[in-house]
Every structure is written in C-alpha cells, then in structure tokens.
Amino acid sequence: MRDLAALPKAHLHLHFTGSMRLETLVELASSAHARLPSSFLEGDPLHVPADHRGWFRFQRAYDTARHLVVTEEIMRRIVLEAALDDAAEGSRRLEIQVDPTSYAPFVGGITPALEIILDAAKQATILSGVEVAVIVAASRIRHPLEARTLARLAAHYAGDEPGTVVGFGLSNDERAGETTSWGPAFAIARRAGLASLPHGGELLGPEHVRNVVSALGPTRLGHGIRTSEDPDLLDAVAAAGISLEVCPASNVCLGVYREPGDVPLPALLEHGAQVALGADDPLLFQSRLVDQYQIARDQGLDDAALAELARGSIRASLASPSSKREWLAQVDAWLAADD
Ligand SMILES: [Zn+2]
C-alpha cells in the first residue's frame, strides 16, 4: 500500500481556529492563565449527538479555542502551522476558511483582521510550499446584513493568487436562519468573481441541499454528505459540477454517522460526484487530512480510487490551471510508483 501522506492532494475544508495544533492551544491557554476543559488536555476527539445540544457543545469547545486567539502574532502562527501540517500530509493547496469578525476586536476591525490572515497566507505559502488561499465565511447565527458586509470585504480582496480571497462561505449551525436570506451576500461575492462555498447537507438532509443549491448557487458544498439520501438529487448535484467537501471524521464526531465506515463516501463516488476530503476542525476531532484518506482506504478504496479522490480535490480547488496540471501529474507519479 502506498503512503497516503505522499499522495498529492488539496485541502479545501479547514476552519482557521479549528485547524490549531493541540500543543498550540495548550500553550496559549497556559500563557493566558486560562483553564482548558479536560477533554482537550486528554486529546479526546469531541463526540456529540447531531442535535441542538450537541451543536451547542461543539460550539462551546470551538469558542474555548477562539477566545484564546487575541493577537496578530497568534493569528499568523495558526495560519503558518496549518500550512506546515498540510505540507507534511502531502497537501499542495490549502483553502482555509475564516470569519474575521471573531478576531476583529483584538486587531482594530474586520479589515485588519482579514489583512493579517491574507498576509500570513502569503508568508505561509513561501515557507511551507503549500499554496494557501482564503475563504471568507459568514455565520448563520449572525444577521444576514453582517454577511453582506463580509461579502463586500471579501470582494475587495478577491484574487486568484495565494494570499488572496478566493471564495465566500457560510458556516455554523445549518438549522439556523433562512437560507434564502444569505442570497444577497452571495450575489455580492459572485459579482466579485468569488466562488460560492456554503456549508450544507451535513446536519440536515436533501431538502436543505436543495435550498442551498437554489439560493446560493454553490461551486462546492461544504459537506453535502447527506445528498446521498436522495439519488436523483445526488445525480443532479454531480451533473451540475458541484463538488462535495466531505469530512468523514467530522461527520462521526458531530453524530451524523455512528462509525467512519458508515459515512456514505462510496455512494457519492458511485454517482460520479467530485469529492474533496477535508479535516474541518482537526483541533476538536483529533483527525487530520491524511486520516480522512485512511478512512476511505478502510472503506475499501484501493490506491487507484484514492488517487482519483486526490485528483478530485485538486480539480475542485480554485488553484490555477497550471498548478492543477502539475499536481495531477504528481498524483499519476504516486500511483505509477511501486507500492
Ligand atoms: Zn466546516
């Protein structure tokens, strides 16, 4: 069996604070004299039921980490460490998702907060060799008007180079808010050439996917795993070229499926969906990018199928055609080498 860390791939679903190394969190807590919940200290992956209470516990754990991100230096460190960890796992391209609102109070506003992240992404690209691009994500638990402000900010920094904003997302509890109310924010982002990258179809099923697809016109769906419950919808999503950012460990930790083996990845692939595996929040789920490919291998995917998954992640990325060509050739070389 070939080494999955050597398989060239793109990482398209990773949240800024959720990407943090556990050691970094422990160090930040210690210098802030803050107490961490014992689950963090023991390195246990979060496990919650897929209901409101479960989401609340997830959010509380996430906030524990977020409240320790209070300086420019820490923000830069998180981006760099995410890129270095990705590099060690064979990633060639990281599209990291951030809502700058949370960090704005410590650095003088959402504009400097985003500028810090973008500059850190530029630096991290040079230092890690992984292209780091940024997705600005609005939150479903805040007012849709705030999302429009964020979309205008994202549009201002839109680009296609590493260290620019390449997409606009929508995260947090899928059950919160009316999906159509974020349509205007996504329209602002789309007019600036940004890809539409909302979460959808993880905690909620096919009906939610339909709403997100019709209201927000996704380029890719964050998760979209539950599209698998409606084969006709899945065929339509695949035919429309909407890629799915599938995060198996996250699905299990958030109670969507009981076991990694239950994540219906094979069903998505059988229907021709383009899938990019992602780690989502490795800090909370204690499962990084290569672990997602290992889950796929454990589900019976052979090396040729795993190479095809990696190609899917590269094709679904927003990297330049020349970068994609180079990495796809590297995937072929990985597969051609003796195992
Ligand atoms: Zn996510």
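The values are calculated or read from the model by the stated rules, or taken from the named source; none is laboratory data. Keep in mind that what you see is a predicted model, and the values were worked out from it rather than measured. Cβ atoms come from the backbone with ideal geometry, glycine included; neighbour counts cover every protein chain shown.
Tally time: how many residues in segment 217-239 are within 15 Å of the ligand (Cβ to nearest atom) and either under 20 Å from residue 182 (Cα atoms) or part of a strand (DSSP E or B) (or both)?
Of segment 217-239, the ones within 15 Å of the ligand (Cβ to nearest atom) are 218, 220-226.
Now drop any that are not either under 20 Å from residue 182 (Cα atoms) or part of a strand (DSSP E or B) (or both), which leaves 218, 220-224.
Selection size over segment 217-239: 6.
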### Query
Can you pull out the residues in segment 11-37 that are part of a helix (DSSP H, G or I) and either hydrophobic (A, V, I, L, M, F, W, C) or over 18 Å from residue 287 (Cα atoms) (or both)?
22, 25, 26, 27, 28, 29, 30, 31
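Select from segment 167-179 the residues that are away from the ligand (no atom under 15 Å from the Cβ) and in a loop (DSSP other than H, G, I, E, B) and write down the one among them that is surrounded by the fewest Cβ atoms within 10 Å (Cβ to Cβ).
Within segment 167-179, the first condition is being away from the ligand (no atom under 15 Å from the Cβ), and the residues that meet it are 177-179.
Checking which are in a loop (DSSP other than H, G, I, E, B) leaves us with 177-178.
On the way: 177: 18, 178: 11.
Applying the filter and picking the extreme gives 178.
Restricting to segment 253-280, give me the number of residues that are of a type outside the set (A, V, I, L, M), part of a loop (DSSP other than H, G, I, E, B) and touching a Leu at 6+ places or on another chain (Cβ under 8 Å).
Going through segment 253-280, the residues of a type outside the set (A, V, I, L, M) turn out to be 253, 255, 257-262, 264, 266, 270-272, 274, 278, 280.
Going one step further and asking which of them are part of a loop (DSSP other than H, G, I, E, B), we end up with 255, 257-259, 264, 271-272, 274, 278.
Filter once more, so that each one left must be touching a Leu at 6+ places or on another chain (Cβ under 8 Å): 271, 274, 278.
Summing the residues that are of a type outside the set (A, V, I, L, M), part of a loop (DSSP other than H, G, I, E, B) and touching a Leu at 6+ places or on another chain (Cβ under 8 Å) in segment 253-280 gives 3.
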### Task
Can you tell me which residue within segment 265-291, out of those that are closer than 21 Å to residue 219 by Cβ and more than 14 Å from the ligand (Cβ to nearest atom), is nearest to the chain's Cα centre (by Cα)?
275
### Task
Would you check which residues across segment 193-216 are of a type in the set (Gly, Ala, Ser), under 16 Å from residue 317 (Cα atoms) and within 16 Å of the ligand (Cβ to nearest atom) and list them?
195, 196
### Query
Of these, 246, 237, 212, which one is in contact with a Gly (Cβ under 6 Å, 6 or more places away or on another chain) and modelled with pLDDT of 95 or more?
212
## Note on the structure
Given (1) more than 16 Å from the ligand (Cβ to nearest atom); (2) over 30 Å from residue 37 (Cα atoms), residue 294 misses just (2)
### Task
Sort out which residues of segment 232-258 are of a type outside the set (Asp, Glu), over 23 Å from residue 315 (Cα atoms) and surrounded by fewer than 24 Cβ atoms within 10 Å (Cβ to Cβ), and write them in order of number.
252, 253, 255, 256, 257, 258
## Note on the structure
residue 193 fails exactly one of (1) buried (at least 18 other Cβ atoms within 10 Å of the Cβ); (2) at pLDDT 95 or above, namely (1)
## Note on the structure
Matching residues in segment 180-216 (in a helix (DSSP H, G or I) and either closer than 18 Å to residue 270 by Cβ or in contact with a strand residue (DSSP E or B) (Cβ under 7 Å, 6 or more places away or on another chain) (or both)) number 10
### Query
Taking the stated definitions as given, is residue 82 in contact (Cβ under 8 Å) with a residue 60 or more places away in the chain and more than 30 Å from residue 131 (Cβ to Cβ)?
no
